[in-house]
Amino acid sequence: MGCAGFTCSKHSLCVLNILYVMVSLLMIGIAAWGKWFGLVSSFQVVGGIIGVGVFLFFVAVAGLIGAMKHHQVLLFFYMIILFMVFIVQFSVSSACLAINKEQQNHLLEVGWNNSQSTQRDVEKSLNCCGFKKVDLNGTCDAACFPNHSCLPCADKIQEHAGEALRFVGGIGLFFSFTEILGVWLTYRYRNQKDPRANPSAFL
């Protein structure tokens, strides 16, 4: 029937939603793995990633069921939710790519001061102590602390944060375009007639 046909639209939408299901399961698995092996001790971070993964999973399953059954109501709500997710993700991805160094430093310091568990994770993984200065009278999980050879974490975090923001922004921007593709495919698929259905059935 060609790529503009009903079958091609259906299969394309199914493949896209299977991709979303795989991404959601990967997010949940990585977050659980990081928590299990003690790589991330912050429950808020792990819970946030798992929450996003579960949300994406349910949206993808709804889209998959809607595509398989050509269910008008499910496809409509799927299209609306996917469009809202696209707006949020596109905005966040653009902000990640556009943020300057001064804004980045401010956000990192706010994040550092708000979570002690994140501080411990960063100090342990980057082998540094404190944000802008090392407090020798305090506590630190870094291996360098007993030798008093630790450097502040700010510079090390900024190096990694810049790379992470560019990576997250790029990946987020890529997936935001797959979401708008999903919205377009869903809109087109909803208005196509199933060649196997009753010709007088409601579209």
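Annotations for the structure displayed:
- The length gained by stretching the chain between ILE18 and MET68 to full extension, at 0.36 nm per residue less their Cα-Cα distance, is 16.8 nm.
- Shape of the stretch 83-173, Cα gyration tensor, a/c cut at 1.5: prolate
- For the chain, hydrophobic long helices are taken as DSSP H runs at least 24 Å long by C-alpha position along their axis with mean Kyte-Doolittle hydropathy of -1.0 or more; these are 6-36, 43-69, 72-98, 154-190.
- Fraction of accessible area attributable to carbon and sulfur, the chain (%, probe 1.4 Å): 69 percent
- Taking THR139, THR7, THR186 and ordering them by how much accessible surface each has at a 1.4 Å probe, largest first, produces THR139, THR7, THR186.
- Using a simple spin-label model with pseudo-atoms 7 Å out from Cα toward Cβ, TYR187 and GLN103 lie 2.9 nm apart.
- Residue-averaged [θ]222 nm for the chain, counting only DSSP H segments that reach four residues, each worth -39500 (n - 2.57): -25500 deg cm²/dmol
- Accessible area per residue in Å² at 1.4 Å probe, computed on the stretch 85-159: 66 Å²
- Only protein heavy atoms count here; under a 1.4 Å probe, HIS70 has an accessible surface of about 40 Å².
- About the centre of its Cα atoms, the chain shows a dipole size close to 800 debye [charges on the beta carbon of Lys, Arg (+1) and Asp, Glu (-1) only; nearest 20 debye].
- Of ARG166, ARG190, the order by accessible heavy-atom surface (1.4 Å probe, DNA, RNA and ligands excluded), from most exposed downward, is ARG166, ARG190.
- Dimensionless Rg/Rh of the chain - Kirkwood Rh, Rg from C-alpha atoms: 1.15
- Accessible area ranking (1.4 Å probe, heavy atoms, ligands and nucleic acids excluded), largest first, for MET22, MET27: MET22, MET27.
- If R0 is 41 Å, the Cβ-Cβ spacing of SER117 and PHE83 corresponds to a FRET efficiency of close to 0.70.
- In a DSSP loop and with at most 11 other Cβ atoms within 10 Å, the trypsin sites (Lys or Arg not before Pro) in the stretch 106-143 are LYS132, LYS133.
- The relative contact order of the stretch 56-185 comes to 31 percent, based on Cα pairs under 8 Å that sit 6 or more residues apart.
The values are calculated or read from the model by the stated rules, or taken from the named source; none is laboratory data. The model shown is predicted, which means the values in this text are computed figures rather than measured ones. Virtual Cβ from ideal backbone geometry, glycine too; neighbours counted across all protein chains shown. Remember, those area values only see protein heavy atoms, side chains included, never the ligands or the DNA or RNA. Shrake-Rupley method; radii C 1.70, N 1.55, O 1.52, S 1.80 Å.
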